[in-house]
1. Whether any residue in the range 72-87 is open to solvent by 10 Å² or more (accessible area, probe 1.4 Å), touching a Ser or Thr at 6+ places or on another chain (Cβ under 6 Å) and on the phi > 0 side of the Ramachandran plot is what I want to check.
2. Quick one: in the range 280-304, which of the residues that are without any contact (Cβ under 8 Å) to a residue 40 or more places away in the chain and outside any loop (DSSP other than H, G, I, E, B) is surrounded by the most Cβ atoms within 10 Å (Cβ to Cβ)?
3. What number goes with the only condition from (1) open to solvent by less than 20 Å² (accessible area, probe 1.4 Å); (2) modelled with pLDDT under 95; (3) out of contact with any His (no Cβ under 7 Å at 6 or more places or on another chain) that A12 does not pass?
4. Restricting to strands (runs of 3 or more DSSP E) lying wholly in the range 119-194: which have 3 or more residues that are open to solvent by less than 20 Å² (accessible area, probe 1.4 Å)?
5. Would the range 253-260 turn up any residue that is among the hydrophobic types (A, V, I, L, M, F, W, C) and in a loop (DSSP other than H, G, I, E, B)?
6. Tally up the residues in the range 29-59 that are among the small types (G, A, S) and within 20 Å of the chain's Cα centre (by Cα), please.
7. Could you grab me the full set of residues in the range 325-364 that are within 21 Å of N58 (Cα to Cα), open to solvent by less than 50 Å² (accessible area, probe 1.4 Å) and hydroxyl-bearing (S, T, Y)?
8. Take F338 and decide whether it is assigned to a loop (DSSP other than H, G, I, E, B), aromatic (F, W, Y) and either touching a helix residue (DSSP H, G or I) at 6+ places or on another chain (Cβ under 9 Å) or within 22 Å of L250 (Cα to Cα) (or both).
Amino acid sequence: MKLADALAPAAAARPAGGDRPLSFFEFWPGWLFYFPVVVHWIALGVRHGDFSLPTAANPAITAGGLCGERKTETLDLVRGPARRLLAHYTAIEARRGFAACRLASAGLDYPMVAKPDIGCNGTGVRLLRGPDDLDRYLSEFPPGERVVLQEFVPHEGEAGVFYVRHPDEPSGRITSITLKHAPVLIGDGHSTLRQLIHADPRAGRIPHLYLHLPRLAHRLDSVPSQGERVRLVFVGNHCKGSIFQDGTRLATPALTEAFERIARSMPNFHFGRIDVRFESLPALLCGEGFRIIEINGAGSEATHIWDPATSLWQAWRAQFFHYGAAFRIGAANRVRGFRSCGVRPMYRHWRRQKHLMAAYPMND
C-alpha cells in the first residue's frame, strides 16, 4: 500500500457526530471541563484515604501509568504471543549523529513514527519519511531525552480500546471504543488549502490547529487539484484536530477476548487504553487485523467522550465511572500488598511531564 493511500481513510472526511461538526464543550479550557472531574477525584481520595490511589491500579507501571511513565516501559511489559501485535519500536537518546544501524536492528525502516517516550495527547508525534526528517526531529527535541522510533503501520483505521478489570474479577471488559478519523479536505481546483480549511464546517472553527503545522506550512497558499485529498493531521488525538467517533456499542465477544489476552500478557495490568491501527472495522470486531501502537495506564481517558454527538453530561458520567473504577482497583490492589506512589511523587511525575511537553517539537 502506498503511504499516501494509507493516510487517507475513506471515512475521514465525515464528522462523527452527524451534522454537528464538534461538541460545544470539546475545546473548552481544560480547567472548565475537568473541574467536576477534579472535585470527584478529591471526593474519592477522601473516601479511600489516598488521593494517589489510582497509581496502584497498574503496579508494574510507574505511577500506574497516571503520568510520567515511559511509553516503552508499558510496551515492554507485553509478553508471549501478544508481542507479535506490537508495532516494532526502539528508544534512543535525542542527539545528533544517530546510528542508522539501530533502526535495522529494531526492524525499522522509513516511513516511521517518532514520538516522545514521556508524553501524552499526541504532543511531539511525527511521521518521518527519511533520514533528513529524523535529523530535523532530533535537533528540535530536548537534548538527552528519549525518543521512541516506531514502525509506521499502514492500516487505514485507528482506534482506542479501553480495558478495565477489577483484580477480583476473572475477566475484564471493554468500557470504551473510540474510532479516530483524520480530517481530510477535498480540493476544488481553485481554492487554496488555507481557504479550504477556513471554509470547512469543522476545521474552520479550529483553524489554529492546522495552520501552524510544519507539514502544511509550505502548502497553505497552494491550490489542491480537483478531487485531491489533503489529510490535515497525522496524529490521532482530538485536541490536535482529529475527529473522534464513539464506537463503544460495537464491542463484541471476540474483540473483548482479544484484548483480554493482551491485558493478561502484562503483569498486573487492570486499567487503561490500548491504541491500535486496524485493517478494517469488521476485522477489528473479530479481534483480528490490528497492530498495537500504544498502551496507556491510569492516566488514560475514555476518548469516545469527544464524539461531537456526546452530551456534556454523558462525557462527565464516563469520566466519573472510569476514575471511580481506577480508585476501586487501586484499593483492591492495596489490599493485595501494592502501594500507591503518594501525592508528592505523583505531582513530581506530572510536573516533569508537563515541562517536557512544552519543549517537544510540533506534532504532525
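The values are calculated or read from the model by the stated rules, or taken from the named source; none is laboratory data. None of these values were measured; they are calculated from a predicted model. FYI the Cβ positions are ideal-geometry reconstructions off the backbone, even for glycines, and counts take in every protein chain you see. Quick note on the areas: whole protein, heavy atoms, side chains included, nothing else; ligands and nucleic acids left out. Shrake-Rupley method; radii C 1.70, N 1.55, O 1.52, S 1.80 Å.
1. yes
2. Taking the range 280-304 as the starting set, the residues that turn out to be without any contact (Cβ under 8 Å) to a residue 40 or more places away in the chain are 282-283, 285-288, 301.
From what is left, the residues that are outside any loop (DSSP other than H, G, I, E, B) are 282-283, 285.
On the way: P282: 10, A283: 14, L285: 19.
The qualifying residue surrounded by the most Cβ atoms within 10 Å (Cβ to Cβ) is L285.
3. Among (1) open to solvent by less than 20 Å² (accessible area, probe 1.4 Å); (2) modelled with pLDDT under 95; (3) out of contact with any His (no Cβ under 7 Å at 6 or more places or on another chain), the lone unmet condition for A12 is (3).
4. Of the strands (runs of 3 or more DSSP E) lying wholly inside the range 119-194, those with at least 3 residues that are open to solvent by less than 20 Å² (accessible area, probe 1.4 Å) span 146-151, 157-164, 173-181.
5. From the range 253-260, those among the hydrophobic types (A, V, I, L, M, F, W, C) are 254-255, 258-259; that's our starting set.
From what is left, the residues that are in a loop (DSSP other than H, G, I, E, B) are none.
Looking for residues that are among the hydrophobic types (A, V, I, L, M, F, W, C) and in a loop (DSSP other than H, G, I, E, B), one finds none in the range 253-260, hence no.
6. Going residue by residue through the range 29-59, those that are among the small types (G, A, S) are 30, 43, 45, 49, 52, 56-57.
Pick out the ones that are also within 20 Å of the chain's Cα centre (by Cα) and you get 30, 57.
Of the residues in the range 29-59, 2 are among the small types (G, A, S) and within 20 Å of the chain's Cα centre (by Cα).
7. S340
8. yes
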